[in-house]
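One structure is given here, and the rest of the page talks about it.
The values are calculated or read from the model by the stated rules, or taken from the named source; none is laboratory data. Note that the structure is a prediction, hence the values are computed from the model and not measured. Methodologically, a virtual Cβ is constructed for each residue, glycine included, from the backbone with ideal geometry; neighbour enumeration extends over all protein chains shown.
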Amino acid sequence: MLKNKAVILAIESSCDETSAAVVINGRQVLSNVISSQINIHRQYGGVVPEIASRKHIENIDNVVKAAMDEAGIDFSMLSAIGVTYGPGLVGALLVGVNYAKALAFGLGLPIIPVNHIEGHIAANYIEHTELEPPFVCLVVSGGHTNLIKINSYSSFEIMGQTLDDAAGEAYDKIARSLDLPYPGGPKIDEISKKGNPKAVMFPRVMLEDGSLDFSFSGLKSSVLNYLNKARLTGLQISKADIAASFQQAVIDVLAEKALMACDAAGCKELAVCGGVSANTSLRARLKKDCHKHGISLYIPSPILCTDNGAMIGSAAYYEYIEGNFGDMSLNAVPGLKIKERRY
Ligand code: KG4
Ligand code: ZN
C-alpha cells in the first residue's frame, strides 16, 4: 500500500503544542496527534517558554509513539522525518529538532527541516486535494500576519505583512484586558457571538492607498483607551460588545486586504491559514466576500488551523521531492523568515 510513496513522520514543537503526524505524499494524513499545554499556560496568562520546553521533553516520545500507533505503521516504513526548525520559541523548537535528529540518525533516514509558517500554508493541501499553486494565502497566526502569493510549492512572494502586532497577538492582548483566559482568540470568538459588532466603531487601519500591509497596534490602543476611560468614568461596558466590535474591526481589514491581494495578483483562489483562521466570523465573512467576487476560498478545518504536525508533514513532502534535506548540524532558528533557508 505504501510502495513508492513518501511516508513522512512530522514533528512540531514550536510553541505550546507537541504534535506528531504521519503523512503520505503531503496530502493523506494517517495520524495527527496533538498534545496541548494550554491548560498549564493558562494560569500564567500566556505561554511561559521555559515551561513549554520542559513539557515538550516530557511529551514528545509519547506523542510520536501515539502517532505511529494510530497510523498503524512501524518505523521501517518511513521515508523521512520532517521537523519544524523555526520560527518559534528557541527552547521549544530545540526539543523537536533534537528528537527528530536522533530519530533520523538512528533509523538512517533523511531529516527535512520545515518552516512553521510554510507548514501553516501547507495545511490547506490536506483537505483540498484539488488546491495547487498559484494562489494567494492570508496567514493569520499568533506571531504572523501576511499576504503571500504562493507561486509554486516552494516559491513564495510576500505581498503584505504586519508592521507591528500580528492578528492573533492583538486578539490575545485584547482578551487579556477584558480578563478573558489565555488563549484569547477562541474566547473572543465565543463571546462575540452574544455581542453587537457595531456597538463601538474602532479604527480600521488600512495604511496608504493600495497597501497590503497591516497594522493592529492602533486598534489595540484604541480598545485599551476605551476600556480605561470606561473604568475611570464608571461607564458600564459589555465585554461581549467590546469583543465583537474589536473583532469586527480586525475582520474588516483582513477581508478587505485579502481580496485586494487577489485582485493585485490576478488570482481567483484564496487560501487562509494560522490560528486566527479558526475564527467563526472571519470564516463566514470571507466565504461571503469570496462568493460575491467569484473567488474560490480554501480554509482548513479548525484543528488544522492551529499548530499541528500534519501541516508540517505536508510541507515536508514538497521539500522531500526537491531533495532539501538537513543534517546532524541542524539547529533551531527562532526568527526564521518565510522563504528563508538556514541549514
Ligand atoms: O497558528 P497558531 O496556533 O500559533 C502560532 O503559530 O502563532 O496561532 C495561535 C493564535 C493565538 O493568538 C490564538 O488566540 C489565535 O491563534 N486563535 C484564534 C482562534 N483560535 C486560535 N483567534 C481568533 N479566533 C479563534 N477561534
Ligand atoms: Zn503556528
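Filter segment 95-115 down to the residues that are in contact with a strand residue (DSSP E or B) (Cβ under 9 Å, 6 or more places away or on another chain), within 15 Å of residue 326 (Cβ to Cβ) and in a helix (DSSP H, G or I) and list them by number. Steps first, answer last, please.
Of the residues in segment 95-115, the ones in contact with a strand residue (DSSP E or B) (Cβ under 9 Å, 6 or more places away or on another chain) are 95-97, 99-101, 103-105, 107, 109-115.
So of that shortlist, the ones also within 15 Å of residue 326 (Cβ to Cβ) come out as 96-97, 99-101, 103-105, 107, 109-115.
Within segment 95-115, 96, 97, 99, 100, 101, 103, 104, 105, 107 qualify.
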What is the number of the single condition among (1) crowded, with 20+ Cβ neighbours inside 10 Å; (2) in a loop (DSSP other than H, G, I, E, B) that residue 56 does not meet? (2)
Working carefully through the options 232, 304, 259, 254, find the one that is crowded, with 18+ Cβ neighbours inside 10 Å, assigned to a helix (DSSP H, G or I) and without any contact (Cβ under 8 Å) to a residue 40 or more places away in the chain. 259
Take segment 92-112 and flag every residue that is more than 24 Å from residue 4 (Cβ to Cβ), touching a residue at least 60 places away in the same chain (Cβ under 8 Å) and of a type outside the set (A, V, I, L, M, F, W, C). 96, 99, 101
May I ask you to list pairs of residues, at least six apart or on different chains, whose Cβ atoms are under 9 Å apart, with the first in segment 307-327 being within 15 Å of ligand 2 (Cβ to nearest atom) and the second being of a type in the set (Phe, Trp, Tyr)? 311/125; 314/125; 315/125; 315/153
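Return the only residue of 72, 82 being modelled with pLDDT of 95 or more, in the same structural domain as residue 32 (by TED's automatic domain parsing) and within 16 Å of ligand 2 (Cβ to nearest atom).
Working: 72 fails: within 16 Å of ligand 2 (Cβ to nearest atom).
Within the list 72, 82, the selection yields 82.
Part of a helix (DSSP H, G or I), surrounded by 15 or more Cβ atoms within 10 Å (Cβ to Cβ) and in contact with a strand residue (DSSP E or B) (Cβ under 8 Å, 6 or more places away or on another chain): is that true of residue 160 in this structure? Step through it out loud before you land on a result.
Values: part of a helix (DSSP H, G or I): no; surrounded by 15 or more Cβ atoms within 10 Å (Cβ to Cβ): yes; in contact with a strand residue (DSSP E or B) (Cβ under 8 Å, 6 or more places away or on another chain): yes.
Answer is no for this residue.
Among the candidates 314, 329, 281, 245, single out the residue that is of a type in the set (Gly, Ala, Ser) and more than 16 Å from ligand 1 (Cβ to nearest atom). Lay out the reasoning, then the answer.
Working: 314 fails: more than 16 Å from ligand 1 (Cβ to nearest atom); 281 fails: more than 16 Å from ligand 1 (Cβ to nearest atom); 245 fails: more than 16 Å from ligand 1 (Cβ to nearest atom).
None of the other options fit; the residue is 329.
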Verdict on residue 342 being out of contact with any helix residue (DSSP H, G or I) (no Cβ under 7 Å at 6 or more places or on another chain), away from ligand 1 (no atom under 16 Å from the Cβ) and without any contact (Cβ under 8 Å) to a residue 40 or more places away in the chain: no
Just need a number here: residues in segment 125-155 that are within 16 Å of ligand 2 (Cβ to nearest atom), in a strand (DSSP E or B) and under 18 Å from residue 336 (Cα atoms). 5
For residues that are surrounded by 24 or more Cβ atoms within 10 Å (Cβ to Cβ) and under 15 Å from residue 77 (Cβ atoms), scanning just segment 1-19, find the one that is nearest to ligand 1 (Cβ to nearest atom). 10
Those residues that are within 16 Å of ligand 2 (Cβ to nearest atom), at pLDDT 95 or above and either surrounded by fewer than 16 Cβ atoms within 10 Å (Cβ to Cβ) or part of a loop (DSSP other than H, G, I, E, B) (or both), I need them from segment 175-204; list them, please. none
Examine segment 22-37 for a residue that is touching a residue at least 24 places away in the same chain (Cβ under 8 Å), assigned by TED's automatic domain parsing to the domain that holds residue 316, hydroxyl-bearing (Ser, Thr, Tyr) and within 16 Å of ligand 2 (Cβ to nearest atom), and state whether such a residue exists. yes
Can you name the number of the only condition in (1) within 12 Å of ligand 2 (Cβ to nearest atom); (2) part of a helix (DSSP H, G or I) that residue 88 fails? (2)
Considering 19, 14, 31, which residue is modelled with pLDDT of 95 or more, in a loop (DSSP other than H, G, I, E, B) and of a type in the set (Ser, Thr, Tyr)? 14
Could you say whether any residue in segment 110-131 is of a type in the set (Gly, Ala, Ser), at pLDDT 95 or above, away from ligand 1 (no atom under 11 Å from the Cβ) and surrounded by fewer than 19 Cβ atoms within 10 Å (Cβ to Cβ)? no
